[in-house]
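Quick notes on the structure that follows.
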Amino acid sequence: MMRGGLAFLLYLWFGSLAFASEPISFDYEVLPILTRAGCNSGSCHGAAVGRGGFHLSLWGSNPRDDYAAIVREFEGRRVDVAHPTASLILKKPTGAIDHEGGAILDENSVPWKILHAWIEQGAQRRRNLQLKEIEISWNQQILPATSPITLPLQTRGTLDVTALFLSTESKSINHLVAIQIPDPSSLKFDTTTQQLSALRPGIHTLIVRYCDRIQTLQILTPNTHSPSDTSNVTASNTIDYWLDQRREALRQTAAPLAPEASQLRRVMLDLIGRAPTPQELSDYLTDSNPDKYQINIDRLISSPEYVRFWTYRWTRIFGLRPNSNAPQGLHSFYQWMQAQIADGTAWDQVAREMITATGDTHQQSPAFFMLLANDPRQQAEQFSRWFIGARLECANCHDHPLDRWKQDDYHGLAAVFARIDRKQMVRWLDRGAVTNPRTGLPAIPQLPGGSRFSSSGDVRGELVQWMLEHPDSLFAKTIVNRVWSQFFGRGLVEPVDDMRLTNPATHPQLLESLAESFKSHQYDLQYLIRQVVLSDAYRRQSPATTADSRSDLTYNFGPRKSLPADVLLDLIDDATGSQLPIADASTRDRAVALEDPTTPSSTLDTLGRCVRSETCATPSATSSLTLMLHWINGETLNDRIANDKHWLKTMLQENLPPAEMLERLYIRTLCRSPNPTEQQMFLKSLAQESNSDSSLIWEDLFWALLSSKDFLDNR
Amino acid sequence: MLSPFVRPSRRDFLQIGSIPLLGLGLSTSHLRASSTQNEIKAKSCILIWLDGGPSHLEMFDPKPNAPREVRGPFQSISTSIPGYTVSEVMPNLARIADKICVVRSVTSPLGEHNIANHYLLTGYQPTPALAYPSFGSVVSHVRHSESHLPAYMALNEYRSTAGAGFLDSKHEPFLVPRDPKTNTLSPKDLAFYPGLNEARLRRRKEFLETLDRQERQLDSDRSSASSTTAIDQAYRMTLNQETRRAFQLEDESPQTHTRYGDRLLGQCCLLARRLVERNVSFINIHNNDWDTHADLVLRLKEGYAGAKVGVGLIPTLDQAVSALIEDLEARGLLDSTLVVAMGEFGRTPKINSTGGRDHWPRVFSVMMAGGGLKKGYVHGSSDRTGESPLDSPVTPADLACTIYHLLGISAETTLTTSDGRPIRVNQSGHIIRELIA
């Protein structure tokens, strides 16, 4: 501590000397100070419309314009070379005159002195320096780019950042970098001593930002008390190998495998969208073959139910919905997708066919894919989310603040899709453009990252080539991550389509390794899915709540997820033996078999089915209170329970002994027997109400079972 | 995804500008409001949304001296504000003009319904990048509700632009829809399912709590006692007589019913008053059919051909809203309740060939009352033909800023989108100081 403080004082002394003599760089000193102080953040002057009449580029991404804004605009009052201290850029942030953002710099502080010296020197923008890279040291050791830092609780480490310039000059930039901690409850960084400490155990992220360079560090903080208990670790699978490694580093303990019945319910819900019937369950439990889990998975993956369910999943991910330009298109696309799933078509091929599709959307073909976007910009956004793991939409209005994507990338990609005629007959046109708001001119078609297309005409083939081969494109990782999230309820990168330097995977090597093996197995989805469901990680006991599952970044527990409305309705129908229609005017079919997700169904609406056209992360606009009232008093559940033709009423006719009836109800809904507490509670209730109609008590229990977390979650 | 038993998370309040950069804008917790709570003048707000765009010329901004094709079919009458005249079709509002504020100089560039109602209902011009939250959803997000009823309720129906936007869907309004069979308002699923009763519901609750005992235990360990799960609120609303009583308009006297009128809007206003009495923060009343491209007399005044007593849109509104304001005042609630009546734009100065008026956003009128506003004040004016603002132009963003201000929410309050963008409650608006008492 003493030494750190002394070093800091020395640094201040020499540092301030340096300011007076050396010319201050606008790009490499002035702007980083503004970034570090938050002046150009999205909620202040970095907002698209600026703030208080002063606009800076977000996080200083455009030094040229920022220089003009600071030095030239507002009649030069922001900097006053003759009287530096009268410059608004010094008076505002110190609060010397009224500043909406408050006082954020102290007069005579180091950053203030740098700004002052820069103005004194004439407020020039010299271009003599060029940044090569930034180098991060952890406790005086240079940190290799991708390696995580292990930081136990109650210890501290020093983080130093150095800028290397092309002129071979290197310079400490500790006072210039912005250190961001996305989750403030995880880490604490002291900017005066450069000391980092952890606030709680876990996998943490820290972002170092300097000019246009961003580096993301992963910090691992192990549990202090409990040494890792490896008794549940028997891994042979790649997934388990990487998860176990990290778990050991964090000294955490994995839960045991879930009971067989839970494993079966979980994997059936995930692979074919329904729970086991009582018969299937008992067959599985009595099967003595040690390989039955794997054998069952093979059976499930080759079933027609698998094809139906994964067609449902992918068409929902791609936001399939009707388009009046091609009334038959939705059906044709659905049929095409179903054929790809059934044939096990390689996923690079599926993506290629969709992205390059032309022709009649009324024939079984992927052509309708082009009509899933309303316009070229939306199509560019969808393409980047679904296939290259980038959320490009920020770059519509400004360069992406947290990623490498520029406005030109966005509009260059949109310019490609601007050439598509989105009608029943999808065609490539030789005209069609979008305006790049940065230039005010038609955007030039380009590949993300800036290279021009080498061919002319329909360049989508070249785009696909880039997507599959270029290192900037994260195609394999994006698909792997999305499939992973279908099973685990969260991606290795979360949000699933937001892969960027500033948003690292919890397990980077695992994602890397899964993506590599996905590639080397010709983008075979079934191979990937098998790897996931065969892992111990997937088969472990689930935690107490779905929220726990999402926050279990070390995968100590198995997955636990809420069910989508469609799957839930099918599950209720299976349990109750319902014959009621699921859509407002439909023939009797399963909800997951509805080709058109917008098929009118007040039931599915109430259950909160996904209605937005984007990613379906957001359920429909039903407040949870509306849903709960419906659950209690509405017809969806009550009609299905009380119907004379449905399962419960038919079963009650048989007058089984209460204990056996109870067993059947539990198996049917929760795939397990009642535990003693539950049995006691219910039989007591039955005895107390012996005067009244016992079928009402059974109805009430059935309602409670169908409303219980164990039923509603896939766990 | 179904998440039936979500517990509304505790709202976190962060102060702006504590540490400028650490964690700023990159918060993983999606819903953080950093709020500077102002003095709350309006504890509740009733927004009467006139969907389709009401004609300023036939209501609050008549032009009796303009040429016939501008003047339109109605005469104007004097009001209780000396020198201020309104259309003859709203005698009650004319009588109580000394209790209200009228802004005659609202101006907007947006003349298409969907984008215009987004602007008026959120204070933001729409962008393809983001759906902004409406007033009621922001109030629900920022305030701690003390009511056993939901903080934001919608009566009849509501536009998606009056929804939660990028905020969590728990801030969507709780809808009390119109029952098309009876043309009355009844909350869905509040009454027992046939055959269900209090004893059975309690039994169901007990069974379910036994089944979910682990989760419930965890939940109560983790969060503060004040927050309740949606299902607990639903149980309470079903079991609590008092909650259901809020919706029992039959408890009101025949005189009150007569005063509000028996049409749907009257019922909405009466229910809104009952909800205000029960501390609901924001009530959005949706009133349809103001997009009058044809037949002004029939649609706005008569209601049906040859009606002796007009039952069209304006008389219905005149009766219901004047009743609401007088009733709130009589009960001592007007000073703490903001009432706003507006639509997405006004109508063209010249009558078209089908006897109607088309969309006109360049100038239009908004009526407000109570909740800390002046009484009997007319702000701004339009030119001779009601084509443009003549003085004191007001944008929908200004209007939104003022509404938020009265509700005690500063424009500075920051909301965070799901991808971490900080968004102010109001971006470009200014408080219309002249309106405030």
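Just so you know, all these numbers are worked out from the coordinates, no wet-lab data involved. Every value quoted in this text rests on a predicted model; they were computed, and no experiment measured them. Heads up, the Cβs are rebuilt from the backbone with ideal geometry, glycines too, and the neighbour counts pull from every protein chain shown.
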#### Entry: Rule-of-thumb Rg ratio for segment B:358-433 [Cα; 2.2 N^0.38 Å; N residues]
1.33
### Query
If amide H atoms are built 1.01 Å from N in the plane of the peptide, which residues on other chains or at least 5 residues away come under 5 Å of the amide H of A:Thr205?
A:Asp183, A:Ile219
### Task
Taking the Cα centre of chain B as origin, work out the dipole magnitude from +1 charges on Lys and Arg Cβ and -1 charges on Asp and Glu Cβ, in debye rounded to 20.
400
### Task
Have a look at A:Ile181, A:Trp484, B:Pro73 and report the one farthest towards the positive end of the charge dipole of the protein assembly as shown, computed about the Cα centre with Cβ charges (Lys/Arg +1, Asp/Glu -1).
B:Pro73
## Note on the structure
Compactness summary of segment A:131-221: radius of gyration and Dmax from Cα atoms, Å, are 12.8, 42
### Summary
Taking a straight Cα-to-Cα line shorter than 22 Å from A:Lys519, and setting aside same-chain lysines fewer than 8 residues away, one finds A:Lys477
### Query
How far is it, in nm, from the label point at A:Trp428 to the one at B:Glu326 when both lie 7 Å from their Cα along the line to the Cβ?
7.3
## Note on the structure
For segment A:61-173, the Cα-Cα pair-distance distribution in 10 Å bins from 0, as whole percents, is 12, 29, 28, 23, 8, 0
### Values of log10 I(q)/I(0), in the order q = 0.11, 0.14, 0.18, 0.21 Å⁻¹, for segment A:444-511 under a Debye, Cα-only, solvent-free model
-0.34, -0.52, -0.73, -0.86
### Summary
The farthest towards the positive end of the charge dipole of the protein assembly as shown, of the residues B:Ile96, B:Gly111, A:Leu569, given +1 on Cβ of Lys and Arg and -1 on Cβ of Asp and Glu, is B:Ile96
## Note on the structure
With the convex hull built on the alpha-carbon atoms of segment A:174-318, volume per residue in Å³ sits at 184
### Message
Given Cβ point charges of +1 (Lys, Arg) and -1 (Asp, Glu) and nothing else, what value in debye, to the nearest 20, does the dipole of the protein assembly as shown about its Cα centre take?
### Response
1380
### Summary
For segment B:238-391 the translational diffusion coefficient, Stokes-Einstein from a Kirkwood Rh over Cα pairs at 25 °C and viscosity 0.890 mPa s, in µm²/s, is roughly 140
#### Entry: Estimated vicinal HN-Hα couplings, Hz - segment A:521-532 in sequence order (Karplus 6.51, -1.76, 1.60; Gly, Pro = x)
9, 6, 6, 8, 5, 5, 4, 4, 4, 4, 4, 5
## Note on the structure
Residue-normalised 222 nm signal for the protein assembly as shown, counting each DSSP H run of n ≥ 4 as -39,500 (n - 2.57), nearest 500 deg cm²/dmol, is -10500 deg cm²/dmol
### Whole-Å semi-axes of chain B's equivalent ellipsoid (Cα gyration tensor)
39, 27, 18
### Message
Is the C-alpha gyration tensor of segment A:640-715 telling us rounded, prolate or oblate? Criteria: a/c under 1.5 is rounded; beyond that, a/b larger than b/c is prolate, otherwise oblate.
### Response
oblate
### Task
Taking a cut-off of 17 Å between Cα atoms, list the lysines near A:Lys91, but don't count ones fewer than 8 places away on the same chain.
A:Lys113
#### Entry: Efficiency of FRET between A:Asn108 and A:Asp65 - r from beta-carbon atoms, R0 25 angstrom, step 0.05
0.25
### Query
Which cross-chain or sequence-distant (5 or more) residues have an amide H under 5 Å from the amide H of A:Gly319, H modelled 1.01 Å from N in plane?
none
### Summary
Gyration tensor on Cα atoms of segment A:292-360, a ≥ b ≥ c root eigenvalues, a/c under 1.5 rounded, else prolate if a/b beats b/c, else oblate, says prolate
### Task
Excluding residues fewer than 8 places away in the same chain, name every one of the aspartates and glutamates whose C-alpha is closer than 15 Å to that of B:Lys188.
A:Asp605, A:Glu635, B:Glu157, B:Asp179
### Message
Taking θ = phi - 60°, what integer Hz values does the Karplus form 6.51 cos²θ - 1.76 cosθ + 1.60 yield along segment B:372-379, in sequence order, with x for Gly and Pro?
### Response
x, 8, 5, 10, x, 10, 10, 9
### Task
With only Lys, Arg, Asp and Glu charged, each at its Cβ (+1 for the first two, -1 for the last two), find how big the charge dipole of segment A:17-168 is about the Cα centre; round to the nearest 20 debye.
140
### Summary
To the nearest 0.05, the calculated FRET efficiency linking B:Ser80 and B:Ala305 through their beta-carbon distance, R0 being 41 Å, is 0.80
### Per residue convex hull volume, Cα atoms of the protein assembly as shown, in Å³
201
### Query
When the chain is fully extended, how far beyond the present Cα-Cα distance does A:Ser324 get from A:Asp421, taking 0.36 nm per residue of separation?
33.5 nm
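Average projected area of the Cα convex hull of segment A:565-714, in nm²?
Working: hull surface 39.1 nm².
Orientation-averaged projected area of the Cα hull: 9.8 nm².
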### Task
Could you check the simple spin-label distance between B:Leu390 and B:Ile40, using points 7 Å along Cα→Cβ, in nm with one decimal?
4.0
### Query
Once amide H atoms are built 1.01 Å from N in the peptide plane, which residues 5 or more positions from B:Asp295, or in another chain, come under 5 Å H to H?
B:Gly355, B:Gly356
### Task
Quick one: grab the alpha carbon gyration tensor of segment A:474-561, order the square roots of its eigenvalues as a ≥ b ≥ c, and give me rounded if a/c is under 1.5, else prolate or oblate depending on whether a/b is larger than b/c.
oblate
### Message
Under 25 °C and 0.890 mPa s, how fast does segment A:323-456 diffuse according to Stokes-Einstein, given a Kirkwood radius computed over C-alpha pairs? Answer in µm²/s, whole number.
### Response
158
### Task
Report the one residue of A:Pro201, A:Pro322, A:Pro445 whose Cα lies farthest in the direction of the positive end of the charge dipole of chain A (charges on C-beta: Lys and Arg +1, Asp and Glu -1; origin at the Cα centre).
A:Pro445
### Message
Averaged across A:631-640, how many Cβ atoms of other chains sit within 10 Å of each residue's Cβ atom?
### Response
5
### Task
Could you tell me what % of all Cα pairs in segment B:46-114 have separations over 21 Å?
31
### Task
Work out the FRET efficiency for B:Asp179 and A:Ser302 from their Cβ-Cβ distance, taking R0 = 51 Å, and round it to the nearest 0.05.
0.55
### Query
Modelled label-to-label distance, A:Leu441 and B:Asn240, 7 Å Cα→beta-carbon offset: nm?
6.5
